[in-house]
1. Would you mind checking the tilt of helix 22-46 against the longest principal axis of the Cα atoms of the chain, expressed as 0 to 90 degrees and rounded to 10?
2. Looking only at Cα atoms, what is the convex hull volume of the chain per residue, in Å³?
3. Write down, largest first, the equivalent ellipsoid semi-axes of the stretch 54-179 in whole Å, where each equals the square root of 5 times an eigenvalue of the alpha-carbon gyration tensor.
4. Between V50 and V80, what length in nm is gained on full extension when 0.36 nm per residue of separation is reduced by their alpha carbon distance?
5. Round to the nearest 0.05 the FRET efficiency obtained for H138 and A95 when R0 = 30 Å and r is the Cβ-Cβ distance.
6. Per DSSP H run of at least 4 residues, take -39500 (n - 2.57); add these up for the chain, divide by its residues and hand me the 222 nm value, nearest 500 deg cm²/dmol.
7. The stretch 167-236: percent of C-alpha pairs farther apart than 14 Å?
8. If you take the Cα atoms of the stretch 114-237, find Rg, then find the Kirkwood Rh from the mean of 1/r over all pairs, what is Rg/Rh?
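Quick note: the coordinates plus some simple rules give every number you see, no bench work behind them. The structure presented is a predicted model; accordingly, all values stated were derived computationally and were not measured. All Cβ positions, glycine included, derive from the backbone under ideal geometry; neighbour counts span all protein chains shown.
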Amino acid sequence: MSDALSSFSALAVGWPSRIPGFFEVSAKSTAGLAGRYFLFAGVAWLFGYVLFARRWQHRKIVPRLPAGSEVRREIFYSAVSVVIFGLVSAATVMAAKAGWTQLYWKRGDHGTAWFWGSIFCAVLLHDTWFYWTHRLMHHRKLFRYFHRTHHLSHNPSPWAAYAFDPAEAVVQAAIFPIAVTVIPMHPYAFVIFMFWQITFNIIGHTGYEFHPRWLMDSWLGRIVNTPTNHAQHHEKMRGNYGLYLNVWDRLMGTNHPDYESRFREVTTRPRPAPEP
């Protein structure tokens, strides 16, 4: 979406030059999102599965590595999702142009505190949207049409972050227009939110637990979600529906019963002996 920022900026000053069309904005947004996604996921793959695979082995939640065919499938469906995200991104820009959103252009209109507060609100909104749509897509009548492809990854890699059925990609992308419709946001605040979501999503699918072992024994562990939580969701198929936070799962009793013990097991494994 940040690649549509030039379009947002043009809105702010009244579109003084040629107005880019829907498909032009779609192409730019898709290309930019593809670049970020494949860069971020590629770096995560390089670090976790090539450069530091042995050094971080003790923190690999599912010890085995995913098969090459699984990774190729994840990359293919991620590419499809990126195209869908680009189209929804362009539709959001067009909606902003028509005045249908609450995007605002001067940071002084709402102040610095709200600039950061709007990002926090967008994160909470997205976490709520994700939990309830994710849980709904697990309904037996919807699963095969919306969520089956994502769950073909029982041992996800960073490339699984956007590996969705096309229908699920539309549901996931809907948070773009929803956020800027219900929350007054500056374009730069929205860009920060988008960087947050793509980074957190990829980290959550890396297959590695990076949180410290003491997290689960602190108040923070009752709020923050972990890669272990989501990896367990891919393994068990049920429970652990949250994204950024573990709040909805705790409130609704949908954490997997052995989530906390699994986290402790992963984070207390001994480090591998150094190579001779």
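1. 20 degrees
2. On the way: hull volume 38.9 nm³, N = 276.
For the chain, the hull spanned by Cα atoms encloses 141 Å³ per residue.
3. Values: eigenvalues 209, 73, 42 Å².
Result for the stretch 54-179: semi-axes of 32, 19, 14 Å.
4. Values: separation 30, 0.36 × 30 = 10.80 nm, distance 2.55 nm.
Separation in residues times 0.36 nm, less the Cα-Cα distance, equals 8.2 nm.
5. Numbers: r = 30 Å, r/R0 = 1.00.
My answer for the efficiency is 0.50.
6. On the way: 11 runs with 153 residues, N = 276.
Value at 222 nm, helices only: -18000 deg cm²/dmol.
7. Numbers: 1704 of 2415 pairs.
Within the stretch 167-236, distances greater than 14 Å cover 71 percent of Cα pairs.
8. Numbers: Rg = 15.3 Å, Rh = 15.6 Å.
Rounded to two decimals, Rg over Rh is 0.98.
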